[in-house]
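S.K.: After the C-alpha cells below, expect a handful of questions from me.
The values are calculated or read from the model by the stated rules, or taken from the named source; none is laboratory data. These figures come from a predicted structure and were not determined experimentally. Every residue, glycine as well, gets a Cβ built from its backbone with ideal geometry; the counts of neighbours run over all protein chains shown. For the accessible areas, the whole protein counts, side chains as well, though only heavy atoms, and no ligand, DNA or RNA atoms are used. Shrake-Rupley method; radii C 1.70, N 1.55, O 1.52, S 1.80 Å.
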Amino acid sequence: MNNNERIKLSDWLKLGHTDEEIRLAFFSMDCTMKYLHQKGYAIETFRPEEIEILNDSVDEIKYNTLVALDPSDREMVHNDIYRSAFLQVGIYTNCLNYMKPQFLKD
C-alpha cells in the first residue's frame, strides 16, 4: 500500500489480522469517533464498507458518512457508541451478518 491508499474495513478484515491488530483498529475507530463528536459530527452508518483504513495504518480511520451533530442531542452520541459496540461485537464473534440491533440491548 502506498502513502495515499485506503482500504475498506470490510476488505481489511478479510486479509486476516490478529486479535491485537483488530483491537487496535477498534481503539482508533473509537478515538476517531470521539474526535468527530467534539468537532460537531455524528456517524451516519457503521457499515464496514463505509469505514476506511488509510495509509495502511489502523491509526488512520475515516468514516465516510457523517452528519451534523445537534449539540443538544446527546442521543446521537449514545447511538454512535452503541452502533460502534455492535459492530465490534459482531466482528469479534464473526456473527455481524446475523446479529439484530436489539441483540446487545437484550
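S.K.: Is there a residue in the range 59-72 that is of a type in the set (Gly, Ala, Ser) and under 22 Å from LEU96 (Cβ atoms)?
M.R.: no
S.K.: Test of understanding: among GLU52, GLU21, which residue is over 12 Å from the mean Cα position of the chain (by Cα) and in contact (Cβ under 8 Å) with a residue 24 or more places away in the chain?
M.R.: After ruling out the rest, the residue left standing is GLU21.
S.K.: Closer than 25 Å to LEU104 by Cα, among the basic types (Lys, Arg) and surrounded by 13 or more Cβ atoms within 10 Å (Cβ to Cβ): does that describe ARG74?
M.R.: no
S.K.: I've got another one for you. Give ASP19, ASP56 a once-over and let me know the one that is exposed (fewer than 13 other Cβ atoms within 10 Å of the Cβ) and among the acidic types (Asp, Glu).
M.R.: ASP19
S.K.: Which of the residues spanning the range 55-81 are polar (S, T, N, Q) and without any contact (Cβ under 8 Å) to a residue 40 or more places away in the chain?
M.R.: Passing the criteria: SER57, ASN64, THR65, SER72, ASN79.
S.K.: Where residues in the range 16-42 are more than 12 Å from VAL58 (Cβ to Cβ) and not in a helix (DSSP H, G or I), which of them is modelled with the lowest pLDDT?
M.R.: Once the filter is applied, the top-ranked residue is GLY16.
Here's the yes/no breakdown for (1) open to solvent by less than 50 Å² (accessible area, probe 1.4 Å); (2) of a type in the set (Phe, Trp, Tyr); (3) modelled with pLDDT of 90 or more:
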| position | (1), (2), (3) |
| --- | --- |
| ILE61 | yes, no, yes |
| LEU69 | yes, no, yes |
| TYR82 | no, yes, yes |
| LEU96 | yes, no, no |
| GLN102 | no, no, no |
| LYS105 | no, no, no |
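S.K.: Find all pairs meeting these conditions: Cβ atoms under 8 angstrom apart; at least six residues apart or on different chains; first residue within the range 82-104 and without any contact (Cβ under 8 Å) to a residue 40 or more places away in the chain and assigned to a helix (DSSP H, G or I); second residue open to solvent by 30 Å² or more (accessible area, probe 1.4 Å) and among the small types (Gly, Ala, Ser).
M.R.: Sorted first by the residue in the range 82-104, then by its partner, the pairs are LEU104/ALA85.
S.K.: Among the residues of the range 43-57, which ones are at pLDDT 90 or above and either assigned to a loop (DSSP other than H, G, I, E, B) or out of contact with any helix residue (DSSP H, G or I) (no Cβ under 6 Å at 6 or more places or on another chain) (or both)?
M.R.: GLU44, THR45, PHE46, ARG47, GLU50, GLU52, LEU54
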